[in-house]
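Beneath this line is the structure, given in structure tokens, with notes to follow.
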Amino acid sequence: MQHSLYLTTAEAHSGKAIVLLGLLEWLHRHSHNIGLFRPVIQQSPQQDRFIQLAMSRYELPHSPESAYGYRLQEAMQLISEDNSKQLQEGILQRYKALESQCDSVICVGTDFGFASPALELDFNIEVSRHLGAQVILVSNGLGRSMHDNIEIIQTLLRAIHKRGGSLLGGFINRVDPDLLQNLKQQLQTLNSPASHWFCLPEEATLEHPTLSDLVRTLGARRILGQDEDLHREIRGIKVAAMQIPNYLEHIHEGDLIITPGDRADILLGSIAAYRSSHYAQISGLLLSGDLSPAASVQKLLNGLQEIPLPILQVASDTFDTAMAVGRIQPELCADNPRKLAAALGLMETHTDLQSMLAPLQMQNTRRVTPLMFEYELLQRARSDKQHIVLPESSDDRILRAAEILLLREVVQITLLGDPAQVATRSAELGLNLQAAKIVDPLTSPWRKEFADIYYDLRKHKGISQQMAFDAMADVSYFATMMIQQGYADGMVSGAAHTTQHTIRPAFEIIRTRAGASLVSSVFFMCLPDKVLVYGDCAINPEPNAGQLADIAIASADTAAAFGVEPRVALLSYSTGTSGKGEEVDKVREATRIAQSLRPQLALDGPVQYDAAVDPGVAASKLPDSSVAGRATVLIFPDLNTGNNTYKAVQRSSGAVAIGPVLQGLNKPVNDLSRGCTVTDIINTVAITAIQAQQNGTQE
């Protein structure tokens, strides 16, 4: 994926189609497969002007039906039901399906049809974040002074920064030509993360609607003229109600004349005026009232086909027709070569897309939002479906999550519990769990098999065969043995059980993998624009230096396995060599051990949290570090620090915390918080499935 761009505006009718055309033209030359996507459309995809512009002019590898997320009515319904997350998830899912077919995707924001401009801009920025797209902003400079244009841009920059959007550049469209040069200079002085700002002057050819816009908008029927005649611009509107002598004194160049269909005098007088060198040339006639010219007049018209004066007809009365025509906005369509040429001319003359877009081919500017991370987890899990056992079928959250996972075909699922009770409860909740396998440990024929194996594993600890058989009645032990024996690929539990209850059977049965000295854990902390990995925040209370080094290396491997580039910071209350004391010495020794075991790994410590994640602080405290200021994996010195920190970040910043994800076991078992949500369960199941996939490739 070379490019992911999000074109949006701060208001309606900003002229983003002009910018879109220029971007598409550049991308078409530099990418094999371009995709166009719209989060919300007001009409059908076949009627959406942006989709049709791209589809008609460029060979896109996808259908119009795959080029949008929701219809406006559907989006409004979700918003009214306070289901904004579902709306964003649906948009992301549709976008990802399109992205897989393309080398480059450009997204075109909404048309300001379902919210105030400020709220809709926020919506578009939010969508751009979830799609991992860089924003290209278009502002309307028509009728605005230098001061007004700069003030609006500064307001928009604050809005984008507040929402965490990634701004690549911007365009001010329809600028007064007299302001053009000074405005360009002022834009370069803005305190903005984007260095690419362009101004497009007002262009008359693009400012007026055409007769084809009228036909498309009002459904007018053509009774005279050819297709190419419909490219004529409507520069003014006249309602003809006067007699011919007075009417002729009021027509101007490019006027659209609206008159009832039975006014043969106006119709014939307009044709004569059109042929006369003494009168302005009108753009066309629009006959209202669903009235057709008399047969004799129609015969006359049929003999004048060589006159390029379009005559159109609509059913509405004259007043309603005039009002509707006045609301028509100019559109940039692939079938209008004049407007296309004018738009491309503006973009080529007044912009430098090469400087703005070419670096994207070499830079990774992708930002990861929680929604993106969650979506990609499900996609990876679905790519090689694994079998996950969920022991806690008595918990409604587990049942709800299981249904979603099955409907989305992410994994195969076994639920442990009494089949009749599970069926009754799922019916009460309105869930369909027919695709799930339900096993009762108390009656399963596997119980005896598992008890015998467990007895052999633990008899040196003094357990009897009856104790082993009784242990297999416990859902955590039974599920863990399912994994050990290959009846399932992974387990997720903890919604109704303690961490100790969930993971003790894994320590006894599955045990640690070769090369791992202990089992540890990480949390994926999904911040608004990135994912950090925190370890160990759930398992080891007081790791020594060697164990801390093991946790750091295991956490780096886990991060890499889930697409997070590992840059590991071992945290302490001191940075570098400045601090003294037993605790900081432990972190210093752990850093030395980890570096000796993995010399190629980007790893540093001891580092304070602020120096680990803030480039400004890092430049002062640890300027020569390749990790400080850019750390993605943060290793806490003990469980007390790690557990409190992850919860503080989660609750204070609104970050999504996924985990704990256990690492170091031979086969994947993961623990849930007893306060988990359905989404937490779904994410943890997906992570467990991905871990199982990786185990399969290593065997």
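The values are calculated or read from the model by the stated rules, or taken from the named source; none is laboratory data. None of these values were measured; they are calculated from a predicted model. Ideal geometry is used to build each Cβ from the backbone, glycine not excepted, and the neighbour counts take in all protein chains shown. With ligands, DNA and RNA removed, areas are computed over all heavy atoms of the protein, side chains included. Shrake-Rupley method; radii C 1.70, N 1.55, O 1.52, S 1.80 Å.
Taking every residue in region 494-505 that is over 16 Å from residue 685 (Cα atoms) and pairing it with any residue that is open to solvent by less than 60 Å² (accessible area, probe 1.4 Å) and in a helix (DSSP H, G or I), at least 6 positions away or on another chain, the pairs with Cβ-Cβ distances below 6 Å are 501/476; 505/476; 505/477; 505/480.
Does region 564-572 contain any residue that is open to solvent by 30 Å² or more (accessible area, probe 1.4 Å), within 14 Å of residue 604 (Cα to Cα) and free of Cβ contacts under 8 Å to residues at least 12 places away in the same chain? Looking for residues that are open to solvent by 30 Å² or more (accessible area, probe 1.4 Å), within 14 Å of residue 604 (Cα to Cα) and free of Cβ contacts under 8 Å to residues at least 12 places away in the same chain, one finds none in region 564-572, hence no.
All of 292, 316, 270, 276 fail the test of being more than 26 Å from residue 52 (Cα to Cα) and surrounded by fewer than 14 Cβ atoms within 10 Å (Cβ to Cβ), apart from 276. Check whether at least one residue in region 96-103 is at negative phi, free of Cβ contacts under 8 Å to residues at least 60 places away in the same chain and of a type outside the set (Phe, Trp, Tyr), and report yes or no. The answer is yes, given that some residue of region 96-103 is at negative phi, free of Cβ contacts under 8 Å to residues at least 60 places away in the same chain and of a type outside the set (Phe, Trp, Tyr). Within region 352-384, being at pLDDT 90 or above and more than 24 Å from the chain's Cα centre (by Cα) holds for no residue.
Selection within region 132-153: residues that are open to solvent by 10 Å² or more (accessible area, probe 1.4 Å) and hydrophobic (A, V, I, L, M, F, W, C). The member of this set that is nearest to residue 121 (Cα to Cα) is 152. Within region 1-30, being open to solvent by 10 Å² or more (accessible area, probe 1.4 Å), polar (S, T, N, Q) and not in a strand (DSSP E or B) holds for one residue alone: 2. For the residues 290, 335, 262, 320, the requirement of being modelled with pLDDT of 85 or more, of a type in the set (Asp, Glu) and within 44 Å of the chain's Cα centre (by Cα) singles out 320.
Quick check: is even one residue across region 222-230 open to solvent by 20 Å² or more (accessible area, probe 1.4 Å), hydrophobic (A, V, I, L, M, F, W, C) and closer than 23 Å to residue 7 by Cα? Checked region 222-230: no residue is open to solvent by 20 Å² or more (accessible area, probe 1.4 Å), hydrophobic (A, V, I, L, M, F, W, C) and closer than 23 Å to residue 7 by Cα. Taking the criterion of being more than 15 Å from residue 628 (Cα to Cα), among the charged types (D, E, K, R) and either at pLDDT below 90 or in a loop (DSSP other than H, G, I, E, B) (or both), the residues of region 555-582 that qualify are 580, 582. How about region 394-441: which of its residues are within 37 Å of the chain's Cα centre (by Cα), farther than 21 Å from residue 677 by Cβ, small (Gly, Ala, Ser) and not in a loop (DSSP other than H, G, I, E, B)? Matches in region 394-441: 423, 427.
The set of residues in region 127-162 that are over 30 Å from residue 85 (Cβ atoms) and assigned to a loop (DSSP other than H, G, I, E, B) comprises 141, 142, 143, 144, 145.
Taking the criterion of being open to solvent by 30 Å² or more (accessible area, probe 1.4 Å), among the small types (Gly, Ala, Ser) and out of contact with any strand residue (DSSP E or B) (no Cβ under 9 Å at 6 or more places or on another chain), the only residue of region 197-221 that qualifies is 219.
Just one of the numbered conditions (1) within 36 Å of the chain's Cα centre (by Cα); (2) at pLDDT 90 or above; (3) of a type in the set (Asp, Glu); (4) open to solvent by 70 Å² or more (accessible area, probe 1.4 Å) is not true of residue 624: (2).
Note on region 591-621: residues that are among the acidic types (Asp, Glu) and surrounded by fewer than 20 Cβ atoms within 10 Å (Cβ to Cβ) total 2. Set side by side, the residues 556, 488, 549, 514 differ, and just one is over 23 Å from residue 602 (Cβ atoms), touching a residue at least 40 places away in the same chain (Cβ under 8 Å) and out of contact with any Phe, Trp or Tyr (no Cβ under 7 Å at 6 or more places or on another chain), which is 488.
Annotation: of all residues in region 49-84 being in contact with a Leu (Cβ under 8 Å, 6 or more places away or on another chain) and polar (S, T, N, Q), the one that is surrounded by the most Cβ atoms within 10 Å (Cβ to Cβ) is 66. Just one of the listed residues (681, 635) is within 23 Å of residue 85 (Cβ to Cβ) and open to solvent by less than 10 Å² (accessible area, probe 1.4 Å), and it is 681.
Across region 298-310, the qualifying residues are those that are open to solvent by 20 Å² or more (accessible area, probe 1.4 Å) and of a type in the set (A, V, I, L, M), and the one among them that is modelled with the highest pLDDT is 300. For residue 102, the stated conditions hold: it is modelled with pLDDT under 90, within 21 Å of the chain's Cα centre (by Cα) and open to solvent by less than 20 Å² (accessible area, probe 1.4 Å).
Taking each residue of region 152-171 that is farther than 22 Å from residue 347 by Cβ and looking for partners that are surrounded by 22 or more Cβ atoms within 10 Å (Cβ to Cβ) and β-branched (Val, Ile, Thr) with beta-carbon atoms closer than 6 Å, six or more apart or interchain, yields 160/125; 163/125; 165/125; 165/135. Checked against (1) open to solvent by 30 Å² or more (accessible area, probe 1.4 Å); (2) at pLDDT below 90, residue 405 passes all but condition (1).
Scanning region 107-117 for residues that are open to solvent by 10 Å² or more (accessible area, probe 1.4 Å), closer than 15 Å to residue 8 by Cβ and part of a helix (DSSP H, G or I) turns up at least one hit. With respect to the conditions (1) open to solvent by 30 Å² or more (accessible area, probe 1.4 Å); (2) in a loop (DSSP other than H, G, I, E, B), residue 543 lacks only one, and its number is (1).
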